[in-house]
1. Taking helices (runs of 4 or more DSSP H) that fall entirely within the range 231-318, which contain at least 3 residues that are of a type outside the set (Val, Ile, Thr) and within 21 Å of Pro384 (Cβ to Cβ)?
2. Among the listed residues Phe49, Phe61, which satisfies the condition of being open to solvent by 10 Å² or more (accessible area, probe 1.4 Å), at pLDDT 80 or above and within 19 Å of Lys291 (Cβ to Cβ)?
3. Considering only helices (runs of 4 or more DSSP H) fully contained in the range 349-448, which possess at least 2 residues that are buried (at least 23 other Cβ atoms within 10 Å of the Cβ) and aromatic (Phe, Trp, Tyr)?
4. Looking for something open to solvent by 20 Å² or more (accessible area, probe 1.4 Å), among the β-branched types (Val, Ile, Thr) and within 22 Å of Pro58 (Cβ to Cβ) - is there at least one such residue anywhere in the range 204-217?
5. Restricting attention to the range 454-462, does a residue exist that is in a loop (DSSP other than H, G, I, E, B), over 21 Å from Arg388 (Cβ atoms) and either within 27 Å of the chain's Cα centre (by Cα) or at pLDDT below 95 (or both)?
6. Are there any pairs with C-beta distances below 8 angstrom linking a residue in the range 79-99 that is in contact (Cβ under 8 Å) with a residue 40 or more places away in the chain to a residue that is part of a loop (DSSP other than H, G, I, E, B) and open to solvent by 50 Å² or more (accessible area, probe 1.4 Å), with the two at least 6 apart or on different chains, and if so which?
7. Name the pairs whose Cβ atoms lie under 9 Å apart, with the first residue in the range 259-275 and free of Cβ contacts under 8 Å to residues at least 12 places away in the same chain, the second buried (at least 24 other Cβ atoms within 10 Å of the Cβ) and in a helix (DSSP H, G or I), and 6 or more positions between them or separate chains?
8. Restricting to the range 1-46, give me the number of residues that are in contact with a strand residue (DSSP E or B) (Cβ under 7 Å, 6 or more places away or on another chain) and either in a loop (DSSP other than H, G, I, E, B) or at pLDDT 50 or above (or both).
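The values are calculated or read from the model by the stated rules, or taken from the named source; none is laboratory data. Quick caveat: nothing in here was measured; it's all calculated off a predicted structure. Don't worry about glycine lacking a Cβ; one is built from the backbone with ideal geometry, like all the others, and counts go over all protein chains shown. Heavy atoms of the whole protein, side chains included, go into the accessibility calculation; ligands, DNA and RNA do not. Shrake-Rupley method; radii C 1.70, N 1.55, O 1.52, S 1.80 Å.
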Amino acid sequence: MGASQKPSSSLSTPSFPFSSGTNRVWSMRYIVAASSMGTIIEWYDFYIFGSLAVFLAPVFFPSKTLGTSLILYLGTFAAGFAVRPFGALVFGRLGDKIGRKYAFLLTITIMGSATTIIGLLPSYQTIGLLAPAILLFIRMLQGLALGGEYGGAAIYVAEHAPDEKRGYWTSYIQTTATIGLFLSLIVILATSLGLGATAFNDWGWRIPFLLSSVLVAAALYIRWRLRETPLFTRLKEMGKTATSPIKESLGRDWRLILLALFGATAGQAVVWYTGQFYALYFLQTIRGVDKVTSYAIVATALALGTPLFIFFGRLSDRIGRKKIIMAGCGLAAATYYPLYMAMTYFSDKASFNAPALTLLVLTQVVYVTMVYGPIAALLVEMFPGRTRYTSLSLPYHLGNGEFGGFTPVLVVAINFAAGSILAGLIYPIGVALVTLVIGSLYIKETKDVSIWKEVEEMVPTTQPIGRSTDSLPEKIPSPKP
């Protein structure tokens, strides 16, 4: 297409989903990479807080015992998850009214600014109660930002992807949470080893937070160049976007939202946070494995398991999303107790075995990839385009914010109350079983759903909407009269 030509508004002409102010057309790989980069950084920002729990708990919540400090710190960590559903409503409304692009430009700006401030925040010893109060406020800002981020990124990719490969392409977005966690562990490990334990405990822990400002600047530059998704653009041209997304979503989609929450995202969330976050806490705080070794064990398991997000995403395009997610919940519920009994044995000083611990954590990461790899495609396909940002984000962040985010603190608290290091596992096992039952009975398979049908039916067309260069024909035919 020449510089003087403009894409037709007709559905017969493929749209151009990614542009830098020119008519250049990008492939799905580039679209996914551009979307994922910002999301990885947001997850890095969000999880650097949790990854440094052992270091920062005494800095902001000093007490006589590390256990008390850790519970207070984990409570602050969980507060970020508690407000994620509110972020889903706020940014979901913006995403459904104004566009997907502008909503997640705003989310990454808020997240990056909040994370940088943590790196500059004085300790409790310096400013007293003001330190944990500011930390709590910043953590809630992070939660609000993340509440709008995930839905925007997942929908942005899904609304460019062909129907038959949606599970595959959105699975790349699903890797971002684990890659963000992995990146946070690697940065912490490299900084602590480079500075030494004394300097890192004193001031070096600030470096991972301050690094975020550089990463966010790069992501903002890339995201600013994004164009709106072709599906949302077409809805807007047709005047079919939601005028009141929250009202429409809660009024029309509330049954689907509840079904997505209890039949999918609640179980997915507890499996995710048990297999990655609680596994790290278990090794460090309950079993007393030194920080460098425990970070290395979890980071290795994450690195080995991450490609399976793509595998299960692609598999879901063939056999369905529901089967894989339910299988992951079932396996987790059935094996958590024996897995953590084995972790207890191999983390003992007399029988310590790092490779065995890595394998045990990796097994849990496999469950994570099963429940998480296909879920973006499932959620996108469950909700209509006009309220998709709001309706998708709400059950996702209720599940991951409330059920998942509180997993570490609830499991630790139950352990303390029961006087058993395995008692708290009843929480993730119970939630996973609830999701297994409800999801198996009531969620319909969605892999054959065409999200383009709603706009293609509204305006007749001779060919589908273009998603990316991967779906552009060599020659664009003119619309039939």
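1. Hits in the range 231-318: 245-252, 254-260.
2. Only one candidate passes the filter, namely Phe61.
3. So the answer is 354-372, 388-397.
4. yes
5. yes
6. Within 8 Å, the pairs are Phe81/Phe406; Ala82/Phe406; Lys97/Thr243.
7. none
8. Adding up the residues that qualify gives 4.
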